[in-house]
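S.K.: One structure coming up, written as C-alpha cells, with questions to follow.
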Amino acid sequence: MAEFVKVAKTGEIPPGEGKAVDVGARRIALFNIDGAYHAIDDTCTHRGGPLSEGMVVGTEVTCPWHGAVFDLRTGSVLALPAPRSVGSYAVWIKGDDIEVEL
C-alpha cells in the first residue's frame with residue numbers, strides 16, 4: 001500500500017532548482033518549479049547521472065553528465081541518450097513539509 005513520506009521542507013529547494021533525498025533504498029530528485037514541487041528518480045537511465053544536479057528549464061531537467069532530458073512532471077525521457085523514462089512520484093505539500101508518495 002502506498003504511503004506519503006516526509007522528505008524535505010519547502011524552504012530547502014529554491015525555485016528552479018533540485019535537491020536529492022534518500023528515502024529508504026531510493027534516491028529521489030525533488031524540484032521546485034515556481035512553487036510546484038515534482039519528484040522523479042535521481043538516477044539518469046543512460047549512465048546514472050544525478051538528475052538533481054541537472055539544469056532546469058521550465059518543467060525539464062537536463063542530465064549533467066551526457067545531456068539526456070526528462071520531463072519533471074512525468075519522468076518521461078524527452079531527449080537521448082537516455083533509453084527510457086525515470087520513475088515519478090506524487091508530491092503532497094503539508095504546511096511546509098514536502099511529502100512523496102511511495
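Since every read-out is calculated from the coordinates, none of them should be taken as a lab result. Values in this document were obtained by computation on a predicted structure and should not be read as measured data. Cβ sites come from the backbone with ideal geometry, for glycine too, and all protein chains shown count toward neighbours.
S.K.: Condition first: over 20 Å from Leu102 (Cα atoms) and free of Cβ contacts under 8 Å to residues at least 24 places away in the same chain. Now tell me which residues in segment 13-34 satisfy that.
M.R.: Pro14, Pro15, Asp34
Here is a yes/no grid of residues against (1) buried (at least 19 other Cβ atoms within 10 Å of the Cβ); (2) in contact with a strand residue (DSSP E or B) (Cβ under 7 Å, 6 or more places away or on another chain):
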position: Phe4; (1), (2): no, yes
position: Val7; (1), (2): yes, yes
position: Pro14; (1), (2): no, yes
position: Ala29; (1), (2): yes, yes
position: Val57; (1), (2): no, no
position: Ser85; (1), (2): no, yes
position: Gly95; (1), (2): no, no
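S.K.: Could you list all residues from segment 45-55 that are among the aliphatic types (A, V, I, L, M) and surrounded by fewer than 19 Cβ atoms within 10 Å (Cβ to Cβ)?
M.R.: Within segment 45-55, just Met55 meets the criteria.
S.K.: Further, regarding this structure: What's the total number of residues in segment 47-70 that are within 23 Å of Asp22 (Cβ to Cβ) and not basic (Lys, Arg)?
M.R.: The total comes to 16.
S.K.: Also: Tell me, please, whether a residue that is in contact (Cβ under 8 Å) with a residue 40 or more places away in the chain and either surrounded by fewer than 19 Cβ atoms within 10 Å (Cβ to Cβ) or not β-branched (Val, Ile, Thr) (or both) can be found in segment 61-70.
M.R.: Checking segment 61-70: not a single residue is in contact (Cβ under 8 Å) with a residue 40 or more places away in the chain and either surrounded by fewer than 19 Cβ atoms within 10 Å (Cβ to Cβ) or not β-branched (Val, Ile, Thr) (or both).
S.K.: Taking strands (runs of 3 or more DSSP E) that fall entirely within segment 15-102, which contain at least 2 residues that are within 20 Å of Val5 (Cβ to Cβ)?
M.R.: Strands (runs of 3 or more DSSP E) meeting the threshold: 17-23, 26-33, 36-41, 91-94, 97-101.
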